[in-house]
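Inspection log for the structure reproduced underneath, given as structure tokens.
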Amino acid sequence: MKKIIFAVSFACISAIAFADAIKNWSDYENELRKGNLTSAEAKFKSERLVPKLNEEIKDKDITENLEWIFPVSGFTKRDVKNFKKLTSFINLSFRDPKFFEGDEFLSQPYLKFFIVPENLKKNTVLEEAVVVAANNGIVVYVKKGALNSIGGNAVWIYNPGQNYFIYYGMLRTVDVNIGDIVSAGDKIGSIKPSKKGYDLNFAVLMYGDDTFTLFNYFDEMK
């Protein structure tokens with residue numbers, strides 16, 4: 001009986017620590033985007049929060065899917081009208097993604113996908129498109145009910161295997177919650193069409209050496 005009680009108690013403590021690590025990251029992201037932290041404070045906090053995330057998530061066995069999935073179902077990177085500009089912006093900003101700069105990060109050109117369906121005919125009425133997980137991970141941040149704010153509705157997914165943080169912004173709907181474990185291709189939410197196609201904010205950041213750098217996901221994506 002004592003062994004059973006100990007096992008249950010340990011499981012409860014582990015679950016609490018797991019939830020706390022994710023909540024702490026989510027609170028950090030909120031503070032950061034509201035401009036409540038200086039760049040130095042934000043960097044200092046991330047140096048402590050990322051290792052805690054790793055420690056509490058390590059038993060979830062979240063690996064990297066070697067083939068990255070395009071983040072909008074039914075499309076490929078060939079449908080990204082500003083593909084060349086995006087890759088250029090990513091390469092130029094590789095070591096300076098402005099993650100610690102509050103809302104400035106959310107307005108960067110390397111986030112902005114312009115997706116135009118091939119052979120789109122004039123006066124075609126487009127439907128909402130499904131946004132999917134580009135890789136495996138755990139949801140560490142969700143922002144809902146924020147269509148008119150900078151970045152709009154947003155989701156961050158974390159892959160501890162490679163220290164990837166995957167960002168989605170300007171979502172119409174969000175279909176995941178903090179703590180959800182997702183696999184590449186799982187539904188994250190949706191985006192509303194414009195007259196000419198779809199807009200999505202998307203980025204992949206790699207964490208290492210106590211900082212964030214941009215990852216060129218296009219090299220691993222169809």
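Data table
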| quantity | calculated |
| --- | --- |
| Hits among aspartates and glutamates - C-alpha to C-alpha of residue 222 under 14 Å, sequence gap 8 or more where chains match | 67, 79 |
| Computed [θ] at 222 nm, deg cm²/dmol, the chain (DSSP H ≥ 4; -39,500 (n - 2.57); rounded to nearest 500) | -9500 deg cm²/dmol |
| Out-of-range pairs (alpha-carbon distance over 27 Å; input 52/192; 45/144; 122/144) | 52/192; 122/144 |
| Distance from region 19-87 to region 169-222 (C-alpha centre basis), Å | 9 Å |
| Under the Karplus curve 6.51 cos²θ - 1.76 cosθ + 1.60, θ = phi - 60°, whole-Hz ³J(HN,Hα) for region 156-173, x wherever Gly or Pro sits | 10, 10, 10, 10, x, x, 10, 6, 8, 10, 9, 10, 10, x, 6, 7, 7, 10 |
| Ranked packing of 92-100, 196-204, most packed first, by mean Cβ within 10 Å | 196-204, 92-100 |
| Read-out semi-axes √(5λ) of the Cα gyration tensor in Å, derived from the coordinates shown; its label in (i) 29, 21, 15; (ii) 28, 24, 16; (iii) 32, 20, 16 | (iii) |
| Note, ³J(HN,Hα) from phi for region 190-196, Karplus 6.51, -1.76, 1.60, rounded to Hz, x at Gly and Pro | 8, 10, 8, x, 9, 5, 10 |
| Fraction of accessible area attributable to carbon and sulfur, region 47-189 (%, probe 1.4 Å) | 47 percent |
| Given 34/85; 77/196; 23/85, the pairs whose alpha carbons are separated by over 26 Å | 34/85; 23/85 |
| Charge dipole (debye, nearest 20) of the chain; +1 at Cβ of Lys and Arg, -1 at Cβ of Asp and Glu | 700 debye |
| Mean separation of Cα contacts under 8 Å, 6 or more apart, over the residue count of the chain: relative contact order % | 24 percent |
| Cα-based helix-to-principal-axis angle, 83-92 vs the chain, degrees rounded to 10 | 50 degrees |
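The values are calculated or read from the model by the stated rules, or taken from the named source; none is laboratory data. Here the structure is a predicted model, which means the values were calculated and not measured. Methodologically, a virtual Cβ is constructed for each residue, glycine included, from the backbone with ideal geometry; neighbour enumeration extends over all protein chains shown. The accessibility values were calculated without ligands, DNA or RNA, using every heavy atom of the protein model including side chains. Shrake-Rupley method; radii C 1.70, N 1.55, O 1.52, S 1.80 Å.
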